[in-house]
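K.L.:
Right, I'll just put the structure down here and ask away after.
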Amino acid sequence: MNFYDVEGNIVATPLEIEGVPKIKADEDLINSQDMIYYAGRMEKGSSRRSFCISDPSLMDIKSEGIELLKSHRGGGYEGLFETFINERRLMYVNIDYPLWKQALGKRHPEKWRVNVTGLGDVGGTLLTGLRLLGGDCISQIGIYDRDEDRQQRWLMEAGQIYSPFDFHEYPDVRTISEGELFDCDMLVFCISVAVPPVGEEVEDVRMVQLKANSKIISQYGKMAREKGYRGMFAVVSDPVDPLCKALFISSNSNENGEIDYRGLSPEQISGYGLGVMNARALYYSKDDERTKDYRSQGRAYGPHGEGLVIANSIASYDDEASKMLTEKAKNANIEVRKSGYKPYIAPALSSGALSILSTIRGDWHYSSTFIGGAFMGVKNRLTQAGTELERLVMDERLFDRINETYERVKSIL
């Protein structure tokens, strides 16, 4: 095992890293560190730049794919780094990425500065949730919309949310200009166009929005690249997973259209659409004895729409009941539209505000994260060492469903 000092950070690796000084690292020096970095090589664009090593097997990984969701033990250098793994203080760094050193030494702030762009139905409702519930982990919410009247409206509306006679802390809300969009720890993208009006139903509303929304988010990707943005980029607009991929591609393409991986890293981008599908599954799970334990035992995987996978239980998987619950959750938005209203409140809160707050707090939540070249909705959490995926022993029938969805998501963009 080689040890290197990279800008004051200890990097351990069996590889040789050119141009970086080696050091002698004894047990006392290693144990004195808040974080240790483990360097490896995987193919750019098909793997993450960095992630949390949650078990020793991830130190031996040669490529990434949907198998990451399966529990695996053994391998790696468990004895040497056991404490760091158990305490989630060992980060894998993929040195094939040209800007891999940017992952070193980064710490999440105690309170985040969050900017929200797009103050329509979803953006405004999401903002309300962050204002009400985010006082413990958000210091400030910047809001931006091209419609200045809408921006001023939400400045006043959100800024006037207070409870009486207590000292509950609320994040400050302020308007920002387009030039200030990336002056934050997390940018939340809620801009959406081409939403079909109620009554003009299509098979999958979300995919209708892909072409128009991907054009807008690609512009944001180029802006993030130009700014050298180092924070998180949260995609809430539909369709979440393909938009995450469009953002990644645009940000990492140079002026000649060549991908050079000098923009947003894969782990800087998260998509927020699966949270409401979990919530909808929970809502309908109460109607059937076979799915009544979904809240404590069930899981959701995949996109916010076609390809969704709901499992009634990890421990006692029932394929038929799970597929039934999947269909109910997938079509819940259509049921709301039948009432004459757009289904945006639950998505803005369950997928948006609540899941974003869980991300910031380091709690387990549902969001789309980069797995083997695609953004896939799974249960995960953000640690100081990076994103940790939940890895489980699961029924092969369930895994086959997840794998089918994964291949479908990979093929879209």
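The values are calculated or read from the model by the stated rules, or taken from the named source; none is laboratory data. Note that the structure is predicted; figures quoted are calculated from it, not measured. Here the Cβ is made from the backbone with ideal geometry for all residues, glycine too, and neighbour counts use every protein chain on show.
K.L.:
Which residues, taken from the range 48-101, are more than 23 Å from S270 (Cα to Cα) and among the hydrophobic types (A, V, I, L, M, F, W, C)?
P.N.:
Hits for the range 48-101 are M59, L80, F81, F84, I85.
Yes/no per residue for (1) charged (D, E, K, R); (2) in contact with a helix residue (DSSP H, G or I) (Cβ under 9 Å, 6 or more places away or on another chain):
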{"position": "Y261", "(1), (2)": "no, no"}
{"position": "V276", "(1), (2)": "no, yes"}
{"position": "K292", "(1), (2)": "yes, yes"}
{"position": "G305", "(1), (2)": "no, yes"}
{"position": "P347", "(1), (2)": "no, yes"}
{"position": "L357", "(1), (2)": "no, yes"}
{"position": "H365", "(1), (2)": "no, yes"}
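K.L.:
Residue pairs, Cβ under 6 Å, 6 or more apart or interchain, first in the range 217-233 and farther than 24 Å from P109 by Cβ, second of a type outside the set (A, V, I, L, M, F, W, C) and surrounded by 15 or more Cβ atoms within 10 Å (Cβ to Cβ). List them.
P.N.:
Sorted first by the residue in the range 217-233, then by its partner, the pairs are S218/S250; K222/S250.
K.L.:
Confirm whether S355 is over 25 Å from V93 (Cβ atoms), modelled with pLDDT of 95 or more and of a type outside the set (D, E).
P.N.:
For S355, the condition - over 25 Å from V93 (Cβ atoms), modelled with pLDDT of 95 or more and of a type outside the set (D, E) - is met.
K.L.:
Can you tell me which residue is farthest from the chain's Cα centre (by Cα) among those in the range 339-348 that are under 22 Å from K286 (Cα atoms) and surrounded by fewer than 22 Cβ atoms within 10 Å (Cβ to Cβ)?
P.N.:
S339
K.L.:
Still on this model: State all residues of the range 235-270 that are more than 13 Å from A224 (Cα to Cα), among the charged types (D, E, K, R) and either outside any helix (DSSP H, G or I) or in contact with a Ser or Thr (Cβ under 8 Å, 6 or more places away or on another chain) (or both); if no residue qualifies, say none.
P.N.:
Result: D238, D241, E255, E258, D260, E267.
Per-residue answers, yes or no, for (1) surrounded by 13 or more Cβ atoms within 10 Å (Cβ to Cβ); (2) without any contact (Cβ under 8 Å) to a residue 60 or more places away in the chain; (3) aromatic (F, W, Y):
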residue	(1), (2), (3)
S57	yes, yes, no
G65	yes, no, no
H72	yes, no, no
I85	yes, yes, no
R89	yes, no, no
I95	yes, no, no
P98	no, no, no
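K.L.:
Please go through the range 227-246 and pick out each residue that is under 20 Å from E178 (Cβ atoms) and either within 13 Å of the chain's Cα centre (by Cα) or of a type in the set (S, T, Y) (or both).
P.N.:
Of everything in the range 227-246, those that are under 20 Å from E178 (Cβ atoms) and either within 13 Å of the chain's Cα centre (by Cα) or of a type in the set (S, T, Y) (or both) turn out to be Y229, G231, M232, F233, A234, V235, V236, S237, L243.
K.L.:
Now a separate question. Does M394 qualify as being crowded, with 23+ Cβ neighbours inside 10 Å and in contact (Cβ under 8 Å) with a residue 24 or more places away in the chain?
P.N.:
The answer is no for M394.
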